[in-house]
Structures are given as C-alpha cells and as structure tokens.
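The values are calculated or read from the model by the stated rules, or taken from the named source; none is laboratory data. This one's a predicted model, so the numbers in the text were calculated from it and none came from an experiment. With ideal geometry, Cβ positions are generated from the backbone for all residues, glycine too; neighbour counts draw on all protein chains shown. When the accessible area is computed, the model is the full protein with side chains, heavy atoms only, and any ligands, DNA or RNA have been set aside. Shrake-Rupley method; radii C 1.70, N 1.55, O 1.52, S 1.80 Å.
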Amino acid sequence: MGSVISEPLADITARHWDAIVIGTGIGGGTAGRALAEAGLSVLFVEKGREGLRAEETGLDQGIFDPVARAVRGLWPDPILAEVNGTRQEMFAPLGAGVGGSSVFYAATLERPEPHDLDDSEDRPHPTGGWPLSFAEMQPWFDKATALYALHGDPDPLSDQPNPALSAPPPAQPGDAMIMERLRANGLHPYRLHTALKYLDNCAECLGRKCPRACKMDGRSAGVEPALATGKAVLLTGCDVTRLERDGPNVTQVLARKGGEEITLPARHIVLAAGALSSPRLLLASASESDPTGIGNAHDLVGRNLMFHLNEIFALWPGRAAGFTGPSKSVGFRDLYFKDAQRLGMVQAMGMDVGYGEIVHHLRGRVARSWLRHIPGAMDATRIPAAIGAKLMGQAKVFVGLLEDLPYAENRVTDEAGQIALTYRIAPELLARRRAFRRHIRRAFKGQRTAFLTHAPEPNFGHPCGTLAMGTDPARSVLDASGRVHGIRNLWVTDASVFPTSMGVNPSLTIAANALRVASIMGEER
C-alpha cells in the first residue's frame, strides 16, 4: 500500500513544496538531500513501497511474480523489449522502492575519463561530447566521491586527481592473486571505487538490499539524510501520472495513491524516475500547449536510448587463490580506449555464478530464438540453469562494459502503462564488441576463462540517454543546467540526461550531476 512519512496525506497535498522529487534512486535521493540541506522543503514521491529497513534481499532475476517482486522492492511489471527486431516480455533488473535500483547495486562508483565528456584531437568523440567539460564536472565528482564514502585505489593509468577517494582495506588473497596475474600480463589493475563505509562484513551487502547503512546508495546517502534534516517528507506507493504545465512552468504533479487521485503543487519539479520512466511521464503529460508531451516539440523525448553491452565472463582462479566468495574489487582500464576505439573498463561483478543469473540468461536466449514459440520453453530453462550453477563451481564473474552510442531509432515509450523499448544494435557497435572480446581474452591469457555472453547482451540495468542534455533545443531535451528547454522549473537528475553512455557504470556521474543541478536550483530559490 505504501506509506506517508511524517505528515498526513491531506497536509502533504495542501502544502506548496519548494521541490518535488519524483523517484528516490541515486539521482533523486542525492538531489533531494542537497536541496533539503540547503533549507528547501522537499517532497520525495516514490512509486514503490517503503519496505522495512530490516529487509535483506537480492535483485533476484528468478522471481517472476509481480506481487512478490513489489514486496521485495523490485520493478513489479515486465517490460516489452524489441531488440534487433525480436519482441520479448522480460523482467528488467530495476528497483521500485526507496533507493530505487541502487539498493541492490554492487556499489561500484567509477569516475569517467575526460574523453568521455570532452571532444579532443587525440581521442575524438563521435557525438561531439557533452555540453559540460570534464573540468566543469570534476568538482562535483569530488563532492559525490565524498558523499558516497568511496574507497579504492587511484587508477594507475589516470593523471586526474581524486582527493576525496579513501584507501581501501587490504585486498582479499584471491583478489590480490588475480591482480598479480594481470600485472604479469602487462595490465594496470586497481581496487574498484566502492561506496562502502567498511564496517565489519560490510562487503556482504554488495548486490543486495542491506538492513544496515554501510552501503551508500540512494536511500542511505540520499533519502534518509534528507529526512533527518526535518525539511523533507517521503511519500511511497504513489504513482505519478502526469505533470501540469502553465506557460513556462510546471505548476503541479498529478498522482495516484491507493486508488485516490491527488494533486501536488511545487515551485520546482525534479524528475528522477530513471531513464526508462522519466521520458514516459513527459510523454504522458501531453496537453493543448504540448500536444506530443512536455519537452517533445522535436520528437526527442525517449529517443537515443543507450545501454552498455555486457561482456560477462567467468574466471577460474584455481584453489590456490584462496577464494571463499566472489571477487568484488578488481578492475582495470587498459582497454578503455584501445586502438583508437571506444571500448570500456573491465571489472569484477561482485558475484559468483548462481541459478538466478543463469536462468535469466537462458530465458533471454529463448526469447530471442524460435524456441519462444514452444509452450513451456521458458519454464524448461530451470533445469539446465540448476545444472549450470552446480557445474560453474568456484568461477568468479567479471564484466566488460562496452560503451554504447546514441541512435535516434533506439527509444523508450509507454504501451498501456507498460515500459516498451525498441533497440537495435548498430553495426559499428558489433565491430567494437568483437574487438573488445578479443582484447579481454588477451588480457587474461594464461588463466582459465569462458564468456557467458554469446549474442550481444544490453545491460538493462544501465539505461541512459532518453532525455539528453545539449546546447541546441532542436537536438536535445535538456539544457546544460539539467533543465527542460523552455521550462523554468522542470529539472532531470537521473541517467536519462546522459548524451553518451561512457565506458564506466553510471552511478557516480548520476550523483555528481544531481549535486550540480541541485546547486543551480538552490541559487534560484
């Protein structure tokens, strides 16, 4: 049913808030905290349930019942995904609750490279780069690094200072051995930048919802500190249906809670529902003045959808490595920009190969093949998944995150209230994928490895780009401040703002940009 924190619903709807933040993941939680600490009244509106702080659950992709998913804080409904012309219904690895997807993440927050944002002669950017330079973003990366208590080693290949990064605890013997072998192959591994306070056994909460506040996510680093200021209120189980615009301002948020239609007025609106849902809300807010949706005069809302391509592989380090759990802390960037190609970083996933991951992978392969027409084919994946989980034994899972680029035909829309996306893998991306896999094999030469991904696999947990920032209103949805072109008080702070996907996971950049946008909003109070 959801809940209201601190105030009755009638009092919440009667207030005129300084800011309403739609979504409580990293983008919404971080921005909302910054606004509350600046003295603004903030209402967090979250579609999912509040849940209990004592919950300890994982992002189990083997759960297919919508009610069971909602109870655990997972996105309850399947999404419709047409990938390379093949249409399938699937459950995406997304959260729906306080903290969003971030409460389940592996807490790896990596800083992008300067060439991810900047167009330069030696590393030209095929899209021309971002409307913000790396130098402009660097102070916000530093602030986000401190806010999320990042620990890790500096990247040996980078000359960029990272003063807020704290030293990690000693590496586990298994990770230390993997890093030693990578160095012997001429690579430059380092300890990943992890958002953990490093309490006793703190690393056990990687990849799962943790009852303690040791893992820094949209909930523990965002919403909860915001509530502690006394300036913020949290409304859960509340589904925002549309925004109402009057001239250059959005005046109110229309939502549904427990079967009741409610109206929420505010001076500023922060949209942080995620790259798959934020554009759907703008499209649903069509009116006489915005016949195709708010911000959609040039048919760009929801377009340029990007994912990373996951190149997941298993590594068997051998019994001598002394592993008692998954590899959690190894990464390297030697392949980030290789042979004049934009590839990406390689990192441990913080997990062993389990039944849930294998059955999800097999179901995806069935959905993309002729087997999808055979009754019971999906359920039949359970048996080989169980056998595969047993055979994989002590394999450690790594992933290469291959940068995606924006294409207008790749987009997200709404289909009768359901997330619907169309995505085609470009030929140039397939060529870079072949090169990336070849370089990964060479990086781990002398060690037993096996790719777990065969067909190209978009990382459905890393959607971005559907409301991209830019300087030209005819080619972008947002301006460089993170505000919808032509609207004074509508801001976006999730991964939909990304003009490109970059070669690292998006979390730190989301947090840094949310702090930046909140600062601009605070100056206009």
Open item on the list: Looking at region 104-141 only, could you name the residues that are free of Cβ contacts under 8 Å to residues at least 60 places away in the same chain, closer than 28 Å to residue 183 by Cβ and charged (D, E, K, R)?
Closed with: 122
- [ ] Within region 92-110, count every residue that is over 14 Å from the mean Cα position of the chain (by Cα) and not in a strand (DSSP E or B).
- [x] 1
- [ ] Please enumerate the residues belonging to region 477-493 that are of a type outside the set (A, V, I, L, M, F, W, C) and either in contact with a helix residue (DSSP H, G or I) (Cβ under 6 Å, 6 or more places away or on another chain) or open to solvent by 10 Å² or more (accessible area, probe 1.4 Å) (or both).
- [x] 479, 481, 482, 483, 485, 486, 488, 493
- [ ] Could you give me the residue pairs with C-beta distances under 8 Å whose first residue belongs to region 247-258 and is closer than 18 Å to residue 14 by Cβ, whose second residue is part of a loop (DSSP other than H, G, I, E, B) and open to solvent by 50 Å² or more (accessible area, probe 1.4 Å) wherever it lies, and which are 6+ apart or on separate chains?
- [x] 258/1
Task: Residue in region 398-441 that is most open to solvent (accessible area, probe 1.4 Å), counting only those that are of a type in the set (Lys, Arg) and free of Cβ contacts under 8 Å to residues at least 60 places away in the same chain - done: 434
Task: Unmet requirement for residue 64, which otherwise passes all of (1) in a loop (DSSP other than H, G, I, E, B); (2) closer than 25 Å to residue 432 by Cα; (3) of a type in the set (A, V, I, L, M, F, W, C) - done: (2)
Open item on the list: With the requirement that a residue be of a type in the set (D, E, K, R) and in contact with a Leu (Cβ under 9 Å, 6 or more places away or on another chain), what does region 225-249 give you?
Closed with: 231, 242, 244, 245
Open item on the list: I need a count of the residues in region 49-90 that are within 17 Å of residue 210 (Cα to Cα), within 18 Å of the chain's Cα centre (by Cα) and touching a residue at least 60 places away in the same chain (Cβ under 8 Å).
Closed with: 4
TODO: Could you please find all residues in region 298-344 being among the small types (Gly, Ala, Ser) and either modelled with pLDDT under 95 or in contact with an Asp or Glu (Cβ under 7 Å, 6 or more places away or on another chain) (or both)?
DONE: 314, 318, 320, 321, 322, 325, 327, 329, 340, 344
Task: Of residues in region 131-163 being open to solvent by less than 30 Å² (accessible area, probe 1.4 Å), in contact with a strand residue (DSSP E or B) (Cβ under 7 Å, 6 or more places away or on another chain) and part of a loop (DSSP other than H, G, I, E, B), the one nearest to residue 31 (Cα to Cα) - done: 148
- [ ] Considering (1) surrounded by 17 or more Cβ atoms within 10 Å (Cβ to Cβ); (2) at pLDDT 95 or above, say which one residue 395 fails and leave the rest.
- [x] (2)
Open item on the list: Checking the conditions here, which among 474, 468, 511 is surrounded by fewer than 24 Cβ atoms within 10 Å (Cβ to Cβ) and modelled with pLDDT of 95 or more?
Closed with: 474
TODO: Taking residue 47 as meeting all but one of (1) more than 27 Å from residue 505 (Cα to Cα); (2) modelled with pLDDT of 90 or more; (3) open to solvent by 10 Å² or more (accessible area, probe 1.4 Å); (4) assigned to a loop (DSSP other than H, G, I, E, B), write down the number of the exception.
DONE: (1)
Task: Contacts under 6 angstrom Cβ, first residue in region 165-191 being crowded, with 18+ Cβ neighbours inside 10 Å, partner acidic (Asp, Glu), 6 or more apart - done: 187/334; 190/153; 190/155; 191/153
Task: residue 108 surrounded by 15 or more Cβ atoms within 10 Å (Cβ to Cβ) and of a type in the set (S, T, N, Q) - done: yes
TODO: Test residue 89 against the stated conditions and say whether it is part of a loop (DSSP other than H, G, I, E, B), surrounded by fewer than 18 Cβ atoms within 10 Å (Cβ to Cβ) and of a type in the set (Asp, Glu).
DONE: no
- [ ] Among the numbered conditions (1) open to solvent by 20 Å² or more (accessible area, probe 1.4 Å); (2) within 20 Å of residue 333 (Cβ to Cβ), tell me where residue 128 comes up short.
- [x] (2)
